[in-house]
Amino acid sequence: MAFVDALFCDPPLHRPSHHGSYESSWWLVLPSDREVVAMHLIPHLYDGWEGPGHLRPHATRLCHQDGPAGEGMALLVGIMLGERGWNAEHSRELLLRAVATEALPAAECGRQLGRCLRLLDVKLGPVLRALDECARRGAHREVWQIMSGLLPVFLPRPGERANAAHTRALEFAAEVAGWAGARGTIPEVASIAARDGSSGLIRAARRLDEHLGRA
């Protein structure tokens, strides 16, 4: 199978056991379709001990390619926001670069990130620290868009137990919504805000919901 044919096939569920996947060269083959390359990088996100951070140079390069950015690009950027240690700073720079080059589908990034928080070993703390820094460096509108995509996926569903991470996410979202001048109801937030009680989760949801509902 030709190299281009392989790229336009569905990406494998797992990294092939053989060597020679040539991730660093894919962008040269498809310089006008970064989303195809991004989708083929996804199976390599947790390849070995390095974690997602080893794909940062490849993801950064995609910011400067042509073509639409979709779920693949959103997932690459989103999951790297949960990086800890020395990789954390590089991940924040990746987000800022994606914003600057208009390569970030921000709301989709939030949706993908919300799924990662639910299903993978991605912790909210590093994510919020990364988003807070990026918002303070001028990407407050994009950070709000990320949070507006994240909350409907991440917040507890009916019958699920809420925890401190849900409250922290709402509190941060309310702060960023103020910076961005965000408006428009998020049904999942409004539903929590309408509950009886005065828990931290409900108070945070009310604060955000009241801000979003202002004329």
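The values are calculated or read from the model by the stated rules, or taken from the named source; none is laboratory data. Please read these numbers as outputs of a predicted model, since none were measured by experiment. Methodologically, a virtual Cβ is constructed for each residue, glycine included, from the backbone with ideal geometry; neighbour enumeration extends over all protein chains shown. For accessibility, only protein heavy atoms count, side chains too; no ligands or nucleic acids. Shrake-Rupley method; radii C 1.70, N 1.55, O 1.52, S 1.80 Å.
Using a/c under 1.5 as the rounded threshold, could you call the range 54-116 rounded, prolate or oblate? The axes a ≥ b ≥ c are square roots of the C-alpha gyration tensor eigenvalues, and prolate needs a/b larger than b/c, oblate otherwise.
Oblate, because a/c is 1.5 or more while a/b does not exceed b/c.
Highest mean first, how do 76-84, 200-208, 188-196 rank when packing is the count of other Cβ atoms within 10 Å averaged over residues?
My ranking of the peptides, most packed first, is 76-84, 200-208, 188-196.
What number comes out for accessible area per residue over the range 132-215 if the probe is 1.4 Å? Units Å², please.
For the range 132-215, the solvent-accessible area averages 51 Å² per residue.
What list of ³J(HN,Hα) values in whole Hz, one per residue of the range 64-75 in order, does the Karplus curve 6.51 cos²θ - 1.76 cosθ + 1.60 (θ = phi - 60°) give from phi, with Gly and Pro shown as x?
Once rounded to whole Hz, the list reads 9, 8, 8, x, x, 10, x, 4, x, 4, 4, 5.
Given a Förster distance of 30 Å, report the FRET efficiency between R161 and Y46 from their Cβ-Cβ distance, rounded to the nearest 0.05.
0.65
Run the numbers for E133 and D121: contour at 0.36 nm per residue of separation, minus the present Cα-Cα distance, in nm.
Full extension from E133 to D121 adds 2.1 nm.
Once phi is turned into ³J(HN,Hα) by the Karplus curve 6.51 cos²θ - 1.76 cosθ + 1.60 with θ = phi - 60°, what whole-Hz value does each residue of the range 87-100 show in order, with x for glycine and proline?
Using θ = phi - 60°, the values come out as 6, 4, 4, 5, 5, 5, 5, 4, 4, 5, 5, 4, 5, 5 Hz.
Order the peptides 159-165, 114-120, 174-180 from the highest to the lowest mean number of other Cβ atoms within 10 Å of their residues.
Final packing ranking: 174-180, 114-120, 159-165.
Give me the percent of accessible area attributable to carbon and sulfur for the range 39-171, probe 1.4 angstrom.
Of the solvent-accessible surface of the range 39-171, carbon and sulfur hold 48 percent.
How many angstrom lie between the C-alpha centres of the range 174-188 and the range 49-121?
If you average the Cα positions of each part, the centres end up 22 Å apart.
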